[in-house]
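Written out below as structure tokens is the structure these notes cover.
Every number here is computed from the coordinates shown, using simple stated rules; none is lab data. No experiment lies behind these values; they were computed from the predicted model shown. Here the Cβ positions follow ideal geometry from the backbone for every residue, glycine too, while neighbour counts run over all protein chains shown.
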Amino acid sequence: MTDFLQEAKSLFTYTQSMRRDFHIHPELGFHEVRTGGIVAKELESLGLEVTKGVGKTGVVGLLEGSKPGPTILLRFDMDALPIVEDTGAEYASENHGVMHACGHDGHTAMGLTVAKILHKHRNELAGTIKFCFQPSEEGYNGEEMGGAQMMIRDGVLDGPKVDHTLSMHLWNEKPVGWVGVAKGPVMAGAEQFTIKLIGKGGHGAAPYTTIDPIMTAAHIITALQTIVSRNVAPLQSAVVSVTTVHSGTAFNVIPQEAELTGTIRTFDLDVRKKVLERFDQIVRGVAETMGCKVEINMQRVTPAVINNDEVAASVQRTARDLLPDSQLDTSSYLTMGAEDMAFMQEKVPGCYFFIGSNNKEKHLDYGHHHPKFDFDEEALIRGSALMAAAAADMLK
Ligand code: NI
């Protein structure tokens, strides 16, 4: 029997050096030219059929097994974030203001490691592996859609048609050794909203001659808190967060306008519908009460990531066999974070799993998107091994 864990261990130096190289040279979404170039070169050196420019800077590599069978897409995201790194690591970012603060450098390195492992075992595979190195998971970055949607638009799920997807995230909320593989919803669906309030400006000393958009904004922010506390059932979940408030220019002027932005997160479609309805009623109702005009712009960022029961069960079986010493968590592990893999899993049954990556003793336990974020590279071994083994088991 193949020992994928041992193979991932023996490739660790390669995985680590790739990860650190990507970490030193982070690139923002849809600018992953250097990263994508290295990925393409590595995949080509294994003899894979490589296509560049799928979803702008995305790279796809095809590995054919020796027998016909289903096609499994393995997805790894490549983009960094606009954050000034503060880790002090020897491999810290040399691209000032850009940082791999979410672990996608590790994902890309693990993807290349998985390609090496599965390439070695290609004669044991009945089917095709489609390696999908995705740009711009973190947002649109000036484009009309994010990386997953753009790769789908460019046909990543067709020719050969993808039957299943597998994807993963290093997870600093949990220690190295923890692995989360759940059925059903795992990450929330996200909306982003803008509320523009138009009042009537005037002198700060004469508020009775004005319609104050700041006062109206304050009431709206407070009233929105009742959606989660009074309209969503306590055993269901939702988040409504107002995250920016902009208004005013001087201490003695009541401004004409105020603008609020924020995000809504839900798992369940009925909960989502209810939250969006209440949001609209509350914002319009309060604005009208206060005499303000209001414009609401609500945009869907991603649907929820929902794992297919059969695919998740298959990954759980693989994880039990491969990682008996790990803490395997198969309970429904939910996070309110959003992830554009949801768009692929909406179309193709898949499984998105989590690889614990913090290490408190080494002080590697800052959260994702923090300027001091870093993870224990030991996690890369488990992630590479589980992804390779899960794919191989599905193509037996
Ligand atoms: Ni991420």
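For the reader, a short list of remarks on this structure follows.
- Cα-based helix-to-principal-axis angle, 213-226 vs the chain, degrees rounded to 10: 50
- Charge dipole (Cα centre; +1 on Lys/Arg Cβ, -1 on Asp/Glu Cβ; no other charges) of the range 189-301 amounts to roughly 160 debye.
- The calculated FRET efficiency for Ser331 paired with Glu310, based on their beta-carbon distance and R0 = 22 Å, is about 0.75.
- Segment Arg153-Thr226, length gained on full extension (0.36 nm per residue, minus Cα span): 22.4 nm
- Taking Cα atoms only, the orientation of helix 379-394 departs from the longest principal axis of the chain by about 70 degrees.
- Angle between the chain longest axis and helix 309-322 axis [Cα atoms, degrees, rounded to 10]: 50
- Relative to the current alpha-carbon distance between Lys67 and Phe251, full extension at 0.36 nm per residue lengthens the span by 58.9 nm.
- Here each label is just a point 7 Å from Cα along the line to Cβ, and for Ala233 and Val84 those points are 4.8 nm apart.
- The length gained on full extension between Thr194 and Gln281, counted as 0.36 nm times the residue separation minus their Cα-Cα distance, comes to 29.8 nm.
- When you filter the GluC sites (Glu not before Pro) in the range 53-130 for DSSP loop state and at most 14 other Cβ atoms inside 10 Å of their Cβ, you are left with Glu90, Glu94.
- Pairs of Cα atoms nearer than 8 Å and 6+ residues apart set the relative contact order; for the range 69-198 it is 35 percent.
- Amide H to amide H distances under 5 Å link Leu364 with Asn359, where only residues 5 or more positions off or on other chains count and H is placed in the peptide plane.
- Of all DSSP-defined beta bridges confined to the chain, some 65% are antiparallel rather than parallel.
- Here the range 110-131 is scanned for amide nitrogen atoms under 13 Å from the site 7 Å beyond the Cα of Tyr14 along Cα-to-Cβ, giving 110-122.
- When the listed pairs Lys52/Lys130; Lys196/Lys347; Lys130/Lys347 are checked against a 23 Å cut-off, the alpha-carbon distance exceeds it for Lys196/Lys347.
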